[in-house]
1. Which label belongs to the value computed from this structure, given these candidates for Rg and Dmax of the Cα atoms in Å: [x] 19.5, 68; [y] 24.9, 77; [z] 20.0, 61?
2. With a 10 Å cut-off between alpha carbons and a GNM built on the chain, which of Asp178, Asp246, Asp167 moves the most?
3. Using a 10 Å Cβ count of at most 14 others and DSSP loop calls, identify the longest part of the chain lacking such GluC sites (Glu not before Pro).
4. Among Leu188, Leu220, Leu82, determine the one that fluctuates most according to a GNM of the chain built with springs between C-alpha atoms less than 10 Å apart.
5. Would you mind getting me the FRET efficiency between His142 and Ala5? Use the beta-carbon distance for r and R0 = 25 Å, nearest 0.05.
6. List the residues whose amide H sits under 5 Å from the amide H of Ile285, counting only those 5 or more places along or on another chain, with H placed 1.01 Å from N in the peptide plane.
7. Counting helices only, and only those DSSP H runs with n ≥ 4, report the 222 nm mean residue ellipticity of the chain as the sum of -39,500 (n - 2.57) divided by its residues, in deg cm²/dmol to the nearest 500.
8. Given an 8 Å cut-off on Cα distances and at least 6 residues of separation, report the relative contact order of the chain as a percent.
Amino acid sequence: MLSAAHRVAGITLVLALAWKYAIARRSIRRRGLGGAGVWVGVATAIVTILAVGLGVAWTVGIASFDRPFAYSALNLHVIAGLALGALVVGHVFLRGESRPALVSLAGRRVALRGLGLLAASFVVSSALDRIALARRPSGSRHAGSFTGNAFPVTIWSFDQVPVIDLDSWRLHVSGAVDRPTELSYQELTALPRREASVVLDCTGGWWSEQVWAGVSLADLLARSGMSETSERIEVVSVTGHRWTFDRRECEQAILATHVGGVSLSAGHGYPLRLVAPSLRGFLWIKWVGEVIAA
C-alpha cells in the first residue's frame, strides 16, 4: 500500500513539473537570476531530476543494488528524496515574494487540475506496474537465495568489517538476568542448535532467503534467567552498532553462527549475527558481542 502511494505521489510530482516550470520561468523573467532563492530553486530542480531518474531506473530495471554504482541506486534515490525535501523547505523560506491567500488555492480550477494530475498519475502507475521487475513490497530485488555466504554484503552505519580474534571473543549476556553469562564461541556452538529458513530484506534494495543456524535468542536469555518483567532486549555489536527490541520481536530470533551449512563470513557477521524474522536487514546486528535484558 505504501509502495503504491509512494509511486503515485512521485508520478504526480513529475507531472506537476510542467506547471511549476511555467511559474518558475515567469518568476525568473521578472526577478532575474539574483537572490539565493533562485539558486536554491535550481538545486531543487537538479535533485528532483536525480531522484526521479533513479526511481524510474530502479522500477524498470536499469539500476539496481549493484549497478551502475557500487552503492545501491535505491539508497541514492532515498538520499536524493530527503535532500529534495530539505531544499523545498529552504526554497519556500528564501523566496521573497508574498504567498497567495489559501482561499485562492481552493478554487474549482485548481481542484480540477489537481484531480486531473492524480488521475493521470494512477494511469501512469498502472502502466509502470506492467513493466516493473518483480520485487518485494519494500522494493527490494532478489539477490540469490540458498547460496551460503554468496549474497550481497551490506554494512549499516558504514562500519568497517572488524578483525575478531575467536580465542578472545566472548558473548556477554547481562542486565535483568539472574545469571549473567559469558560464552566463548565453542561454548555457544555446543548449546542446542536452531535452524530456520528466513528472508533477509535489506534496505540497500535486495532480499535473499537463506538457511540460518545458531542459538535461539529466547532460549539463551531463558538459560541466563531473564526476568519475567523484562520487556526490552538490546543487541550490541563489537563495532558499537546496537538496537533495542521488544521481547516479542525476539521470540523467533536466532543468534546465527552459520548460513547455508557453513560458518558466517567476516562480511556477514562472523562469528555471530542476529537473525530477526520479519524485521528489515539493518536490524540484523552483525558481530554480536553483547545481549542486554532490560
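Each value in this text was obtained by applying a stated rule to the coordinates, not by laboratory testing. Because the structure is a prediction, the values reported are computed rather than measured. A quick note on method: Cβ atoms are made from the backbone with ideal geometry, for glycine too, and the neighbour counts reach across all protein chains shown.
1. It is the one labelled [y].
2. Between Asp178, Asp246, Asp167, it is Asp167 that shows the largest mean-square fluctuation.
3. Here the longest run is 98-227.
4. Leu82
5. 0.60
6. Leu274
7. -13000 deg cm²/dmol
8. Contact order relative to length: 17 percent.
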